Each structure stands twice: as C-alpha cells, then as structure tokens.
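FYI, it's all coordinate maths here, none of it is from the lab. Predicted, not measured: the structure shown is a model, and the values here were computed from it. Ideal geometry is used to build each Cβ from the backbone, glycine not excepted, and the neighbour counts take in all protein chains shown.
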Amino acid sequence: MDELKQTIADNLVNYRKQAHLTQQQLAEKINYSDKAVSKWERGEGVPDVLVLKSIADIYGITVNDFLVEHKDKPKKLRLKDFWAKRWLISLLSAGLVFLIATIVTVIWWLIVPADGTTVAKYAYIAAIPTALIVTLVFACVWGKLWMRCVVASALIWTLCLLLHLVILSITSYAWMIYLIGAVLQVLVVLWFLLEYFIRRGKQSK
C-alpha cells in the first residue's frame, strides 16, 4: 500500500510539472486547497477516485496512469491541445445555432422578402440565448463554477431582451420582464455563493 501511495504521489508531481501548473493552480481547478495537493504529492495521503478522475481529465490521461510506475518518463501531456479541443467543441456547437438562424433567415427572405428584415432580427436575437444554453451545458461539464455563473447570467438577460422585444408589440409594460430577470440574477448569485461555500467546506474536512 505504501508503494502504491508513493507511485501515485510521484505521478501526481510529474504530471503536474509537465502541465506547467503550480500546486495552487491545480488546487483551484479541482476546488481543493493547495495543502491537500501538497499532502498527496508527499505521499501522506491519497485523493479519492473522483478527485483522481478530475485531475486525470485536466491532464488528458486516465486514472490508471497515476497507479502504475513509469520506468521512463510518464506519457507526455498535451494539455493545451486538450483544452483547445474542449473550447472548439463548445464554439462549434454554439456556431451551429447561428447557422440554423441564418438558414431560417435566408429561406424566409426568399419566400417573403418583405418580412426578411424582421425575421432576421428575431432569428439572431433568439439564437443568442439558445447558443448560451448550449454553452452553459458545456460549462457545467467542463467549466469552473464562476464560468457557469457568468454564462447563466448572460442567458437570463438575453432571454429578457428577447421577451421584451416580443412583448413590446403587445403592451408598453414589456420592460417589467427585466424585474423577473433581476430576481433570477439574484438567485444565480446566491446559488454561486452556496456552491462556493459547500466546496470550501469539503476542502476543510
């Protein structure tokens, strides 16, 4: 068991250095303290499987890579390429939403030229919150807590803008939709703070 602890500790150090991360930077990515990271790397403790999986995902490796002794150098990391792929997937997914909005606009313009400008306006405005929903999904899977908060906030206000433009043609009180947005924004901030303190509580244990 002691040999396994030391193997994991050595691999944690080697992979972190290959990724050009400090203990503090790694700790922030996995929402733990740098003291915990230091303890693991000294072999005085072992992170649980979920934490090892989170670290492995950051480095683009498998959990098994931490468990085996590497006689030569550990498998070379390509951390920048790994994160670039994630960003590209997110951007491509959001870009597809705008592609659909463009196709709808062009088709409508060809069929009913007189309404083309109006349809284009609503199609692209509607595409913004839709793209943000896609981005929020990826942020929940890959992003940090603050990223989720920022994307969720942007989603709230773009939805308010869209609803404001739609309701404006019905009533002059369409601006009141922003009151709902303000309440939702407060809830998002409170959710962010709750998650933050829950994670801090886990780190201190």
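Taking the dipole about the Cα centre of the chain, with the C-beta of Lys and Arg at +1 and of Asp and Glu at -1, give me whichever of F138, W157, L96 is farthest to the positive side.
Farthest towards the positive pole: F138.
Among V134, V166, which comes first, then next, by fewest other beta-carbon atoms within 10 Å?
Exposure proxy ranking, most exposed first: V166, V134.
Would you mind calculating the relative contact order of the chain from Cα pairs under 8 angstrom and at least 6 residues apart, reporting the percent as a whole number?
Normalised by residue count, the contact order of the chain is 17 percent.
For the chain, modelled as a GNM with alpha-carbon contacts under 10 angstrom, which of D48, D57, D65 fluctuates the most?
D48
Most exposed first by the Cβ proxy, i.e. fewest other Cβ within 10 Å, how do H164, H20 rank?
Lowest to highest Cβ neighbour count: H20, H164.
Among rounded, prolate and oblate, which fits region 144-205 when a ≥ b ≥ c are the square roots of the eigenvalues of its C-alpha gyration tensor, a/c under 1.5 means rounded, and a/b larger than b/c means prolate?
In terms of gyration-tensor shape, prolate.
For the chain, report the translational diffusion coefficient in µm²/s to the nearest whole number, using Stokes-Einstein at 4 °C, 1.567 mPa s, and a Kirkwood Rh over Cα pairs.
Estimated diffusion coefficient is 63 µm²/s.
Could you pull out the pairs from K35/K85; K5/K53; K85/K121; K121/K144; K85/K144 whose alpha carbons sit more than 28 Å apart here?
Long pairs (Cα-Cα over 28 Å): K35/K85; K85/K121; K121/K144.
Going by alpha carbons, how many degrees (0 to 90, nearest 10) lie between the helix axis of 49-59 and the longest principal axis of the chain?
Helix 49-59 sits roughly 70 degrees off the main axis of the chain.
Suppose every Lys and Arg Cβ carries +1 and every Asp and Glu Cβ carries -1, with no other charges. What dipole size does the chain come out with about its Cα centre, to the nearest 20 debye?
Rounded to the nearest 20 debye, it is 340 debye.
Nearest 10 degrees, 0 to 90: what angle lies between the long axis of helix 116-142 and the longest principal axis of the chain (Cα atoms)?
With rounding to tens, the tilt is 20 degrees.
Peptides 29-39, 185-195, 167-177: what's the order by average Cβ count within 10 Å, highest mean first?
Highest to lowest by the protection proxy: 29-39, 185-195, 167-177.
Contour minus end-to-end for K29 and L67, with contour as 0.36 nm per residue of separation and end-to-end as the Cα-Cα distance?
Net length gain for the segment: 11.6 nm.
What 222 nm value per residue comes from the helices of the chain, counting each DSSP H run with n ≥ 4 as -39,500 (n - 2.57) and dividing by all residues, nearest 500 deg cm²/dmol?
-26500 deg cm²/dmol, from helical runs alone.
Can you compute log10 of I(q)/I(0) for region 15-67 with the Debye formula, treating each Cα as one identical point scatterer, at q = 0.25 Å⁻¹?
Values, matching the q order: -1.08.
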